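The values are calculated or read from the model by the stated rules, or taken from the named source; none is laboratory data. Bear in mind the structure is a predicted one, so any value in this text is a computation, not a measurement. Neighbour counts run over all protein chains shown; Cβ positions are idealised from the backbone, glycine included. In case anyone asks, the SASA skips ligands and DNA or RNA and just uses the protein heavy atoms, side chains included. Shrake-Rupley method; radii C 1.70, N 1.55, O 1.52, S 1.80 Å.
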Amino acid sequence: DVTYRVTTIGEWAFCDCKSLTSIIISNSVMTIGSRAFQNCTSLSSITIPNSVTSIEAWAFADCRSLTSIAIPDSVTSIGGGAFDGCSKLTSIAIPNSVTSIGGGVFFDCTSLTSITLPNSVKSIGEMAFYDCRSLTVITIPNSVKSIGKRAFEDCSSLTNITIPNSVKMIGDYAFIGCSSLTAITIPDSVTIIGEGAFYRCSSLASIAI
């Protein structure tokens, strides 16, 4: 007998399955394809097995009932917009296997209050945390070299952020609209501060360059 195992969940596989509340992914799956679970608005629980190495773009976008998700150490790639619009997602831990936070990964995750970025992450992509308005604090690890355009735009509850000595570039409008940010220190490593990087940071009282 030949046993067939699912190794890939293809693009759009369960997209718009709005009555789907939970799913168990087998331990043979290595890739969760682009938009595989997009707009599964009733999906409240999902377990990603440690066989998965890649979560592709917009895989869980608009899963508005998803409150938490555990990403296993096997995952090395999280595509852009993977959790875009997951408005009930409150916390998430990124494993040490991930090297970059892609563009718009947590775009409009308005309930996200905390996130842990590991020392493996080297870049934070454009709009990565755009409108994460409940995010109060984030620690950028000492491995990050660049903060992308609009990465923290309208993170209006963000009161404190430490930019480590590894960062060389702060992208355009990176912290625009971070209206609760009161102080910031830019380390010696930074050579570029992008256009409008701290635009509309209306509580910013002190800055060290």
Original post:
³J(HN,Hα) across the range 42-58 via Karplus (A = 6.51, B = -1.76, C = 1.60, θ = phi - 60°), whole Hz, x for Gly/Pro?
Top reply: 9, 5, 9, 9, 8, 10, 9, x, 7, 8, 6, 10, 9, 10, 8, 3, 6
Original post:
To the nearest 0.05, how large is the calculated FRET efficiency for SER77 and VAL137 if R₀ is 30 Å and r is the Cβ-Cβ distance?
Top reply: 0.70
Subject >> lysines whose Cα lies under 24 Å from that of LYS145, excluding same-chain neighbours fewer than 8 positions away >> reply: LYS122, LYS168
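Report the extension gain between SER68 and MET169 in nm, rounded to one decimal, defined as 0.36 nm multiplied by the number of residues separating them, less their alpha carbon distance. Can you show the working numbers first?
Working: separation 101, 0.36 × 101 = 36.36 nm, distance 3.11 nm.
Extending this stretch completely gives an extra 33.3 nm.
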Original post:
Relative contact order, percent, of the range 46-168 when contacts are C-alpha pairs under 8 Å separated by at least 6 residues?
Top reply: 19
Subject >> Surface share of carbon and sulfur [accessible, 1.4 angstrom probe, percent] for the range 86-142 >> reply: 48
Original post:
To the nearest 10 Å², what's GLU56's accessible area with a 1.4 Å probe?
Top reply: 60
**OP:** Based on the mean of other Cβ atoms within 10 Å per residue, sort peptides 97-108, 68-79 so the most packed one is first.
**Re:** 97-108, 68-79
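Does the range 8-93 classify as rounded, prolate or oblate by the C-alpha gyration tensor (a ≥ b ≥ c root eigenvalues; a/c under 1.5 gives rounded; else a/b over b/c gives prolate, otherwise oblate)?
On the way: a/c = 1.42, a/b = 1.26, b/c = 1.12.
In terms of gyration-tensor shape, rounded.
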Subject >> Stretch gain in nm, segment SER203-THR191, where the contour uses 0.36 nm per residue and the Cα spacing is subtracted >> reply: 1.9 nm
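With a ≥ b ≥ c taken as the square roots of the eigenvalues of the C-alpha gyration tensor of the range 64-125, please select rounded if a/c is under 1.5 and otherwise prolate if a/b is larger than b/c or oblate if it is not? List each step's numbers first, then the result.
Values: a/c = 1.88, a/b = 1.50, b/c = 1.26.
Prolate is the answer for the range 64-125, as a/c is 1.5 or above and a/b outweighs b/c.
Taking the Cα centre as origin and putting +1 on Lys and Arg beta-carbons and -1 on Asp and Glu beta-carbons, what dipole magnitude results for the chain, to the nearest 20 debye?
The dipole magnitude comes to about 220 debye.
Multiply the residue separation of THR8 and SER91 by 0.36 nm, subtract the distance between their alpha-carbon atoms, and state the gained length in nm to one decimal. The partial results should precede the final answer.
Numbers: separation 83, 0.36 × 83 = 29.88 nm, distance 2.63 nm.
Answer, rounded to one decimal: 27.3 nm.
Under a 1.4 Å probe, what is the accessible area of the chain per residue, stated in Å²? Let's see the in-between values first.
Working: 9470 Å² over 209 residues.
I get 45 Å² per residue for the chain.
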